[in-house]
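Have a look at the structure below before the remarks.
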2 protein chains.
Amino acid sequence: MSSSPLIWVDGEPAQALPLPDRGLDFGDGLFETLLVRQGVPLFLPLHMERLAAGVDLLSFPDCIDAAKAQLSHSAARLSDLDWAAMRLTLTRGSAPRGYAAPLEAMPRIVITAAGLAADRSQQAAPLHLGWADLRWSSQPHLAGIKHLNRLEQVLVANQARDSHWDDAVVLDQQGNVCSLSAGNLFLLESGRLLTPSLETCGIAGTRRRLVLEQLAPALGVAVEQAHISPEQLLEADAVICCNSIRGLQAVASLGDRSWTNFSMCEALHQRYVDAMAC
Amino acid sequence: MSSSPLIWVDGEPAQALPLPDRGLDFGDGLFETLLVRQGVPLFLPLHMERLAAGVDLLSFPDCIDAAKAQLSHSAARLSDLDWAAMRLTLTRGSAPRGYAAPLEAMPRIVITAAGLAADRSQQAAPLHLGWADLRWSSQPHLAGIKHLNRLEQVLVANQARDSHWDDAVVLDQQGNVCSLSAGNLFLLESGRLLTPSLETCGIAGTRRRLVLEQLAPALGVAVEQAHISPEQLLEADAVICCNSIRGLQAVASLGDRSWTNFSMCEALHQRYVDAMAC
């Protein structure tokens, strides 16, 4: 499989998006990035539940069943690949000029897929992080959902790239720790795990939910959502990131601070691999 | 001309956007909405200067000359129309998966155009407004530029539509007045004009700049950017909106408050029509 992605629009192989489209015009849409093993999207219910929450919040017509059907159809084409990344994008479709959504919107479903070289059941290397200059903007109404307005993530990822970091830690407008540009954070403190509470910004990651509801409880480790200051993050015994494609990754350094005990991340990763097999 | 828009992508007539595209994926791009009279885009330098500020802020390769050339080429096709609206969308183009922008990005230029029925040199009817439930998120780094992340505008415009308002007044996170979903605001207070200062949110409208730098000074009216409370807006002697397509419009009502003296708006509109002819 070449590095150029496979693409489907509304269930048909395609090279282009019909115009006009409100996803392009305003970011009026949602997306999910799924890890696919031998043609099977992993943790599909977690992705579909978050997508459904977004569909509800943005008052899209119900299109979750169609999205699931098209995902399955496209994923089946990837069965020869050990690992692939699929992106499902849902837009509010075509409309005349203007911000207000048409009442009779016809959502459009765009799926792209590309093979992944690395074995995603192996734990990825620990990350070297920096602090982002930008803070996520505060918008409680949109916090948690994975909508298409991601220019802030682009700016943070560009800073990380220019700084030769793997990613950057981003604060919220109150100065608390929120997330990476592409991943959620957990910190280990006195034997328990804490993760930012995402009330005003951030994306409620599928792997974050998995750690909260399944992986940490399976290890008998207490886990909580909390407000976390930058100082608290630096004083943590360990920091762990999660992301749908990269899974669970330890943090090796953040600025001048470094960590060397990755045992909690390794234990969570083992539970993650077990959960993948279910 | 039918109501379906004319579309060009990278200078060629088109019906679709090549995929993948970072404009769709992340809203990684900018746009301008231009009023076109008989094939001539009006106030083009104001639009191109704002676009250039966005290109600079987002670290796009320089593509302003190409955008201008394609705008002129497309606008010339509209010479049979008295009035048309054109939208110029600039995206960071195709890239592999991931938020970080490729260093060798090739921006894509999408232009759509549609005829307008109303004579845009005539003053549009006064507006009936409400208060938006949503507040604009605070992001000083992106304030002012017209990027593609406009989901908040969609949500506000949807509330206005559902409430049978022409548009809604939106506050910033500090509780000060910022703008409409699609337009900037001026208020008349003790003979001078005030407009929100857009330090943390909002779009620096081309017609707002025209009022600030040209139309108000031509009338000998003092004009200032300021922090404006909701109470101050309600106590104003008049409220005026501006937008690239609708021009200058008086506000007739905002919730229970109504205004009947539109003389300042009429005077500014007359200067606006004069400026159109230049």
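The values are calculated or read from the model by the stated rules, or taken from the named source; none is laboratory data. Please read these numbers as outputs of a predicted model, since none were measured by experiment. Methodologically, a virtual Cβ is constructed for each residue, glycine included, from the backbone with ideal geometry; neighbour enumeration extends over all protein chains shown.
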The one condition in (1) more than 16 Å from the chain's Cα centre (by Cα); (2) within 21 Å of B:Asp28 (Cβ to Cβ); (3) more than 11 Å from chain B (Cβ to nearest Cβ) that A:Lys146 fails to fulfil: (1)
Take the residues in the stretch A:36-53 that are buried (at least 21 other Cβ atoms within 10 Å of the Cβ) and under 25 Å from A:Leu151 (Cβ atoms); name whichever of them is nearest to the chain's Cα centre (by Cα). A:His47
Check whether at least one residue in the stretch B:189-205 is of a type in the set (Ser, Thr, Tyr), in contact with a strand residue (DSSP E or B) (Cβ under 8 Å, 6 or more places away or on another chain), buried (at least 22 other Cβ atoms within 10 Å of the Cβ) and within 14 Å of chain A (Cβ to nearest Cβ), and report yes or no. no
In the stretch A:130-155, how many residues are farther than 28 Å from A:Arg108 by Cβ and hydrophobic (A, V, I, L, M, F, W, C)? 3
Inter-residue pairs, beta-carbon under 7 Å, first on the phi < 0 side of the Ramachandran plot and in the stretch B:53-68, second among the charged types (D, E, K, R) and surrounded by 15 or more Cβ atoms within 10 Å (Cβ to Cβ), 6+ apart: B:Gly54/B:Lys146; B:Phe60/B:Arg92
Does the stretch A:54-66 contain at least one residue that is touching a Lys or Arg at 6+ places or on another chain (Cβ under 9 Å) and farther than 30 Å from B:Thr89 by Cα? no
Of everything in the stretch B:97-119, what is within 11 Å of another protein chain (Cβ to nearest Cβ), over 18 Å from the mean Cα position of the chain (by Cα) and outside any strand (DSSP E or B)? Give them in sequence order. B:Arg97, B:Gly98, B:Tyr99, B:Ala100, B:Ala101, B:Pro102, B:Leu103, B:Ala105
Residue pairs meeting the criteria (Cβ under 9 Å; at least 6 apart or on separate chains; first more than 9 Å from every other protein chain (Cβ to nearest Cβ) and buried (at least 23 other Cβ atoms within 10 Å of the Cβ), in the stretch A:1-30; second at pLDDT 95 or above and part of a loop (DSSP other than H, G, I, E, B)): A:Leu30/A:Leu58; A:Leu30/A:Phe60; A:Leu30/A:Ile145; A:Leu30/A:Lys146; A:Leu30/A:Leu148
Flag if A:Arg161 is without any contact (Cβ under 8 Å) to a residue 24 or more places away in the chain and among the basic types (Lys, Arg): yes
Residue within the stretch A:73-84 that is within 14 Å of another protein chain (Cβ to nearest Cβ) and under 26 Å from A:His141 (Cβ atoms) present: no
How about the stretch A:242-261: which of its residues are on the phi > 0 side of the Ramachandran plot and either crowded, with 22+ Cβ neighbours inside 10 Å or in a strand (DSSP E or B) (or both)? A:Gly247
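Yes/no per residue for (1) surrounded by fewer than 23 Cβ atoms within 10 Å (Cβ to Cβ); (2) part of a loop (DSSP other than H, G, I, E, B); (3) more than 7 Å from chain B (Cβ to nearest Cβ):
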{"site": "A:Gln153", "(1), (2), (3)": "no, no, no"}
{"site": "A:Gln159", "(1), (2), (3)": "yes, no, yes"}
{"site": "A:Val170", "(1), (2), (3)": "no, no, yes"}
{"site": "A:Cys178", "(1), (2), (3)": "no, no, yes"}
{"site": "A:Phe186", "(1), (2), (3)": "no, no, yes"}
Go through A:His141, A:His164 for me and flag whichever is outside the structural domain of A:Gly11 (by TED's automatic domain parsing), closer than 30 Å to B:Gln173 by Cα and not basic (Lys, Arg). A:His141
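Identify all residues within the stretch A:84-104 that are touching a Ser or Thr at 6+ places or on another chain (Cβ under 6 Å) and under 22 Å from B:Arg87 (Cα atoms); write none if there are none.
A:Tyr99
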Between a residue in the stretch A:123-135 that is assigned to a loop (DSSP other than H, G, I, E, B) and any residue that is β-branched (Val, Ile, Thr), which pairs come within a Cβ distance under 7 Å, given they are 6 or more apart or on different chains? A:Pro126/A:Val251
